[in-house]
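One structure below.
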Amino acid sequence: AYLWLTHRARARQLDQAYQALQNASEKLIKSEKMASLGSLVAGIAHEMNTPIGNSLTVATALRDRSKQFSLAIQEGTLKKSLLNDFLDSLDEATGLLENNTRRAAQLVGNFKQVAVDQSSERRRSFDLKQAVDETLWTLEPAMKHTRHTLHVDIPEGIQCDNYPGAIGQILTNLVSNSLQHGFEHQPAGHITIHARCEQGIVH
């Protein structure tokens, strides 16, 4: 009876240890996901600086030109040349604002999709090339100030029903490890990502 109780106690201890290990593993996975999302947020914030800064500069310049134009009307000194200059400036400014706000919207859209995929274990249908491009877009800030290059050789139209967040995390880890360790002492490295679908299996 004593041996049976001892074995039972040990079994209970092993079960508790296993549960504790499982909980620790889940917390580690969550913390890794949060760290990945933190890096993603830093990247999007860095990338958003450019279109937002450009838009602010254009808006400020446009406001100054508008004040000059308004003053010329009030003082009765408006000439055809000034009107044409103002209209040209207006056309250029609105074009720049449109391009920069479109870029910002694209950045936010990509960020939202990648963030949702990486923070959840949601299975969904997706185009492989689009999912890879969205993931690699989040790594642009890390690549931008290096001479390393990255080439994607994936045809469009490969439809997958899987977990894009997991695929994105694997790609992020592989590229990050290549930059930090593989290319550590190389002036210029090159990464190529190939994918092919053969008989319903993606390689």
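If a residue must be under 16 Å from the mean Cα position of the chain (by Cα) and among the polar types (S, T, N, Q), how many such residues does region 135-179 contain?
Final tally of qualifying residues: 6.
Which one is nearest to residue 165 (Cα to Cα) among residues in region 57-78 that are of a type outside the set (A, V, I, L, M, F, W, C) and open to solvent by less than 90 Å² (accessible area, probe 1.4 Å)? Talk me through it step by step, then tell me what you get.
Of all residues in region 57-78, those of a type outside the set (A, V, I, L, M, F, W, C) come to 57, 60, 63-68, 70, 74-77.
With open to solvent by less than 90 Å² (accessible area, probe 1.4 Å) added as a condition, the list becomes 60, 64-66, 70, 76-77.
On the way: 60: 40, 64: 46, 65: 48, 66: 48, 70: 53, 76: 63, 77: 62 Å.
So, considering only residues that are of a type outside the set (A, V, I, L, M, F, W, C) and open to solvent by less than 90 Å² (accessible area, probe 1.4 Å), the one nearest to residue 165 (Cα to Cα) is 60.
Hey, could you check region 91-101 for residues that are in contact (Cβ under 8 Å) with a residue 12 or more places away in the chain and open to solvent by less than 60 Å² (accessible area, probe 1.4 Å) and say which is farthest from residue 59 (Cα to Cα)?
100
Determine if region 163-183 includes at least one residue that is surrounded by 14 or more Cβ atoms within 10 Å (Cβ to Cβ), in a helix (DSSP H, G or I) and among the aromatic types (Phe, Trp, Tyr). Give the steps one after another, and end with the answer.
Quick first cut of region 163-183, residues surrounded by 14 or more Cβ atoms within 10 Å (Cβ to Cβ) only: 163-165, 167-169, 171-172, 175-176, 178-179, 182-183.
Within this subset, residues satisfying the condition of being in a helix (DSSP H, G or I) are 164-165, 167-169, 171-172, 175-176, 178-179, 182.
Narrowing further to those that are among the aromatic types (Phe, Trp, Tyr): none.
No, region 163-183 has no match at all.
From the set of residues in region 79-90 that are of a type in the set (S, T, N, Q) and over 10 Å from residue 62 (Cα atoms), which is surrounded by the most Cβ atoms within 10 Å (Cβ to Cβ)?
Within region 79-90, the first condition is being of a type in the set (S, T, N, Q), and the residues that meet it are 81, 84, 89.
If we keep only those that are over 10 Å from residue 62 (Cα atoms) as well, we get 81, 84.
On the way: 81: 8, 84: 10.
This residue is 84.
Which one of these is in a helix (DSSP H, G or I) and modelled with pLDDT under 75: 64, 117, 133, 85? Walk me through it before giving the result.
Values: 64 fails: modelled with pLDDT under 75; 133 fails: modelled with pLDDT under 75; 85 fails: modelled with pLDDT under 75.
Just a single option satisfies the conditions, and that option is 117.
The values are calculated or read from the model by the stated rules, or taken from the named source; none is laboratory data. Keep in mind the model is a prediction, meaning the values are calculated, not measured. Glycine gets a Cβ as well: all are built from the backbone with ideal geometry, and neighbour counts include every protein chain shown. Quick note on the areas: whole protein, heavy atoms, side chains included, nothing else; ligands and nucleic acids left out. Shrake-Rupley method; radii C 1.70, N 1.55, O 1.52, S 1.80 Å.
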